[in-house]
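K.L.:
Before I ask anything, let me first share the structure, which is written out below as structure tokens.
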Amino acid sequence: MERKLYKIGQLSRLSSVSSRTIDYYTKLGLIQPEKRSDSNYRYYSDETLLRLKRIEMMKKEKYTLEEIKACLDQFEKVGQSEQVTDKLSALQLHLQQLEKEVKEISPMIESMRPSQAKNLYKIIAPSGAAVIEALLILLDRGSIL
């Protein structure tokens, strides 16, 4: 079965990213054309379309293009499964966002009365513990491999 390939204009329409931006991302190495035609047209794959959407999502989260490239390159080394890479990228984004939010809210929590802080911890402790447990399981699997 032949894979669907897109010229830059088609990729631009499908991803809602301008052709100039796609060209720029290609020059930076954020995306790669799947192949070039005899007349030097660049053709991009569905994987590139997904990667473009991931890049745009990360840009909305205020990541620099250098940070985005490093993150995506890191996950590509882990495996070629686009679905796994997508999930790991999203998980890393969520974790980094949580870290930022915890740093922002820490001074507010410290200024609470002890009874307020205790009630807050009762509310967030179960879900926080579940996340920590899930991360430990994921990290433990990594150490086995």
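The values are calculated or read from the model by the stated rules, or taken from the named source; none is laboratory data. Note that this is a predicted model, so its numbers are computed, not measured. Quick reminder, even Gly has a Cβ in these numbers, built from the backbone with ideal geometry, and neighbours come from all protein chains shown.
K.L.:
Can you name the residue in segment 22-33 that is out of contact with any Leu (no Cβ under 9 Å at 6 or more places or on another chain) and either assigned to a helix (DSSP H, G or I) or aromatic (Phe, Trp, Tyr) (or both) and, of all such residues, is farthest from residue 48 (Cα to Cα)?
P.N.:
27
K.L.:
Also, quick follow-up: Suppose we keep only residues that are touching a residue at least 12 places away in the same chain (Cβ under 8 Å) and either in a strand (DSSP E or B) or among the hydrophobic types (A, V, I, L, M, F, W, C) (or both) within segment 34-53. Which one would you say is nearest to residue 4 (Cα to Cα)?
P.N.:
Looking at the filtered set, the residue picked out is 45.
K.L.:
Residues of segment 73-118 being loosely packed, with under 11 Cβ neighbours inside 10 Å, charged (D, E, K, R) and at pLDDT below 75, which ones?
P.N.:
The answer is 77, and nothing else.
K.L.:
Assuming residue 26 fulfils every condition listed in (1) surrounded by 14 or more Cβ atoms within 10 Å (Cβ to Cβ); (2) touching an Asp or Glu at 6+ places or on another chain (Cβ under 7 Å) apart from one, which condition is it?
P.N.:
(2)
K.L.:
Quickly run through segment 60-72 and pick out the residues that are within 18 Å of residue 16 (Cβ to Cβ) and surrounded by 12 or more Cβ atoms within 10 Å (Cβ to Cβ).
P.N.:
61, 65, 68
K.L.:
Of all residues in segment 35-50, which are over 15 Å from residue 9 (Cβ atoms) and either hydrophobic (A, V, I, L, M, F, W, C) or in contact with an Asp or Glu (Cβ under 8 Å, 6 or more places away or on another chain) (or both)?
P.N.:
45, 47, 50
K.L.:
Right, another one. Would you mind stating whether residue 62 is in the same structural domain as residue 93 (by TED's automatic domain parsing), outside any helix (DSSP H, G or I) and closer than 24 Å to residue 97 by Cβ?
P.N.:
yes
K.L.:
If residue 57 satisfies all but one of (1) surrounded by 16 or more Cβ atoms within 10 Å (Cβ to Cβ); (2) assigned to a helix (DSSP H, G or I); (3) of a type outside the set (Lys, Arg), what's the number of the condition it fails?
P.N.:
Only one criterion is unmet by residue 57, namely (1).
K.L.:
Here is a follow-up. Among the residues in segment 57-70, are any under 14 Å from the mean Cα position of the chain (by Cα) and of a type in the set (S, T, N, Q)?
P.N.:
Yes, there is a match, as at least one residue in segment 57-70 is under 14 Å from the mean Cα position of the chain (by Cα) and of a type in the set (S, T, N, Q).
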